[in-house]
Amino acid sequence: MKRRFLSVLLAGVLAVSMLAGCGGGSDDAAETTTETTDAAETEDAAEDADAADTEAGGGLVGVSMPTQDLQRWNQDGSNMKAELEAAGYTVELQYASNDIATQVSQIETMITNGCELLVIASIDGDSLGTVLAQAKEQGIPVIAYDRLIMNSDAVTYYATFDNYLVGQTQGQYIVDALDLDNAEGPFNLEIVTGDPGDNNVNYFFGGAMDVLQPYIDEGKLVVPSGQMTKEEVATANWATETAQSRFENILSSYYADGTQLDVVLASNDSTALGVANALAANYTGEYPILTGQDCDIANVKNIVDGKQSMSVFKDTRTLASQVVKMVEAVMQGGEAEVNDTETYDNGTGVIPSYLCEPVIVDASNYQELLIDSGYYTEADLQ
Ligand code: BGC
C-alpha cells in the first residue's frame, strides 16, 4: 500500500480542490436518476448499437452499477450513460440491487447482447471471475469503475479516486480537529467502515489508520468499544441501518454512563448517516467529530446543521469523464491515459489505473465546492 508524506499530500488535496480534478464534467450531475434498463430496452440498445456502429463509429457499452440505494451510484450511472451517449456510444446500463448473483447475470446478458466493452463497479470484488473469463474469451475489455475487481485477469484498466488518500484525509482531519499533536487527551474514538467485499475498504481503513495508529499507540486516542479490526468495524453493504444498529449497541454498551464520545471515523456518508441517526436517538453528550465520504445530500445537510464534521468529496462527474476517455481510447484500439501503475494489484498483477483527486468538504467550503461548482443547487440542500 502506498505511503507518502502526509503534509505534502494534504497540502496537495487542498491546493487542487477545484483546480485539478481529473477530467471535465457535465453540469447536471446532481440530479438523482432512477433509471433502470429492462429487457426490452436492452434489445433496443443492441439494435441501436448496430446502427450507431456504422454511423458514428460508436458501439454498445455495458455499464454495471452495484445499486440504486446510494445516491452516488445513481449519479455515476446517469453520468456515464449521458457522457457515453454524447460521445456516440449506445449504453446498456444496469443496477444490481447490491445482489452479487444479479450483477453476474446482468453482466452475462451484456456479453450475450454484444457489448463491446464493459464498465463495472463491482458489489463484491472477488465474485466476478467466472463471468469475466467469458468476457475475456470473447475479447471484451473490462474497465473496473471505482472499485477494483479482484483475482481476474480480464480487467484492462481501473479508474477511481485515490482511495488511500481518502482514508488519510479522514485520519488527518481528525488529527487536526482534535489538535492531537498538542492536546493531552485521551480522546474517545469509534470506527465504522464499509463492506468487507469492497476492496476500497482496505484503502479507506488502511489510509486512516496509518495516520491514527500512532496516536492510539501513544494513548491519546482510545477506543472504548475495543472494536478495531477490519471485521469488527465493517458494515455489510455499507448499509445505513446496519451502521446505525451497530452504533446503537456501542452507545448503550460503552457510553450510556455519560462517557464522552469525541470522534467517529466513518468511512463514507451512508455509514456516517447511520452513526448520526444513532447519536440523535441515543446520545446526549457533546456531538463528536464525524467523518464521511461522497457528499451525499443528507450528509451535506448534516454538515450544515453541525451533525457531521466533514465529507470527502469525490465529484462523480470527474470520474465519469475520465472513464469515458478510457472507453474511447480502448474502443479505438489505443491505450488509455493512466497515472498509477504501482498501487492496485488485483491478485493477477497491477492494473493500470487513473486516480482522481478527492477533496475535503466541510461547513466552510461546501458552498464553493458543491453549489458554485453546479454539483448541487441550493434547493437540493433545503
Ligand atoms: C465507494 C464510496 C461509497 C461506498 C459505498 C465505495 O466503494 O468508493 O464512494 O461510499 O463504496 O457505496
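The values are calculated or read from the model by the stated rules, or taken from the named source; none is laboratory data. Remember, it's a predicted structure, so these values are computed and weren't measured experimentally. Cβ sites come from the backbone with ideal geometry, for glycine too, and all protein chains shown count toward neighbours. To get the accessible areas, we keep the full protein, side chains included, count just its heavy atoms, and leave off ligands, DNA and RNA. Shrake-Rupley method; radii C 1.70, N 1.55, O 1.52, S 1.80 Å.
For the range 53-133, what is the accessible area per residue in Å² when the probe is 1.4 Å? Could you put the intermediate results ahead of the total?
Numbers: 2510 Å² over 81 residues.
For the range 53-133, the solvent-accessible area averages 31 Å² per residue.
Excluding residues fewer than 8 places away in the same chain, name every one of the lysines whose C-alpha is closer than 20 Å to that of Lys314.
Partners within reach: Lys2, Lys81, Lys301, Lys325.
How large is the charge dipole for the range 65-192, taken about the Cα centre, if only the Cβ atoms of Lys, Arg (+1) and Asp, Glu (-1) carry charge, to the nearest 20 debye?
On the way: 4 positive and 19 negative charges, 88 e Å.
Rounded to the nearest 20 debye, it is 420 debye.
Largest first and in whole Å, give the semi-axes of the range 206-332's equivalent ellipsoid, each being the square root of 5 times a Cα gyration tensor eigenvalue.
Details: eigenvalues 197, 62, 37 Å².
Equivalent ellipsoid of the range 206-332: 31, 18, 14 Å, largest first.
Going by alpha carbons, how many degrees (0 to 90, nearest 10) lie between the helix axis of 163-177 and the longest principal axis of the chain?
Orientation of helix 163-177: about 20 degrees from the principal axis.
Just name one of Val142, Ser105, Leu84: the one whose Cα is farthest towards the positive end of the charge dipole of the chain (beta-carbon charges, Lys/Arg +1, Asp/Glu -1).
So the residue we want is Val142.
State, to one decimal in nm, how far the label point of Glu342 lies from the label point of Ser364, with both points 7 Å from Cα in the Cβ direction.
Taking the simple label geometry, Glu342 and Ser364 are separated by 3.1 nm.
Please report the spacing between the Cα centers of the range 317-349 and the range 167-191 in Å, no decimals.
The two parts, judged by their Cα centres, are 35 Å apart.
I'd like the orientation of helix 6-16 relative to the chain: the angle between its Cα long axis and the longest Cα principal axis, in ° from 0 to 90, rounded to 10.
Value to nearest ten degrees: 60.
I want to check the label-to-label distance for Ser252 and Glu335. Put each point 7 Å from Cα in the C-beta direction and report it in nm to one decimal.
Label-label distance for Ser252 and Glu335, simple model: 5.8 nm.
Would you mind telling me which residue in Asn188, Asn339, Asn277 has the biggest mean-square fluctuation in a Gaussian network model of the chain, where springs connect alpha carbons within a distance under 10 angstrom?
Most flexible of the set in this elastic network: Asn339.
Could you calculate the contour length gain from Ala101 to Thr259, that is, 0.36 nm times the residue separation minus the distance between their Cα atoms, to one decimal place in nm? Numbers along the way, then the final one.
Details: separation 158, 0.36 × 158 = 56.88 nm, distance 4.38 nm.
Here the answer is 52.5 nm.
Quote the charge dipole size of the range 234-341 about the Cα centre in Debye, to the nearest 20; the model charges only the Cβ of Lys and Arg (+1) and of Asp and Glu (-1). Before the final figure, lay out each step's value.
Values: 6 positive and 14 negative charges, 31 e Å.
The dipole magnitude comes to about 160 debye.
Carbon and sulfur: what percent of the range 83-222's accessible surface (1.4 Å probe)? Walk me through the numbers before you get to the answer.
Numbers: 1950 of 4430 Å².
About 44 percent, which is the carbon plus sulfur part of the accessible surface.
Name the long-range amide H neighbours of Glu92: under 5 Å, sequence gap of 5 or more, or other chain; modelled H, no Pro or chain starts.
So Glu92 has HN proximity to Val61, Gly62, Val63.
Considering all alpha-carbon pairs of the range 140-241, what whole percent are spaced by more than 17 angstrom? List each step's numbers first, then the result.
On the way: 3012 of 5151 pairs.
When every Cα pair of the range 140-241 is considered, 58 percent fall beyond 17 Å.
Can you give me the angle between helix 100-112 and the longest principal axis of the chain, using Cα atoms only, in degrees from 0 to 90, rounded to the nearest 10?
Here the helix axis deviates by roughly 20 degrees.
According to the Kirkwood expression over distinct Cα-Cα pairs, how big is the hydrodynamic radius of the range 71-227, in Å? Before the final figure, lay out each step's value.
Numbers: mean 1/r = 0.0559 Å⁻¹.
With all distinct Cα pairs of the range 71-227 included, I get 17.9 Å.
Quote the relative contact order of the range 106-198 in percent (integer), defining contacts as alpha-carbon pairs under 8 Å separated by 6+ residues.
Details: 93 pairs, mean separation 24.2, N = 93.
Dividing the mean separation by the residue count of the range 106-198 yields 26 percent.
Would you mind computing, in nm to one decimal, how far apart the modelled labels at Gln134 and Ala281 are, each placed 7 Å from Cα along Cα→Cβ?
Spacing of the two 7 Å Cα→Cβ label points: 4.1 nm.
Taking a quarter of the surface of the Cα convex hull of the chain, what do you get in nm²?
On the way: hull surface 72.6 nm².
Mean projected area for the chain: 18.2 nm², to one decimal.
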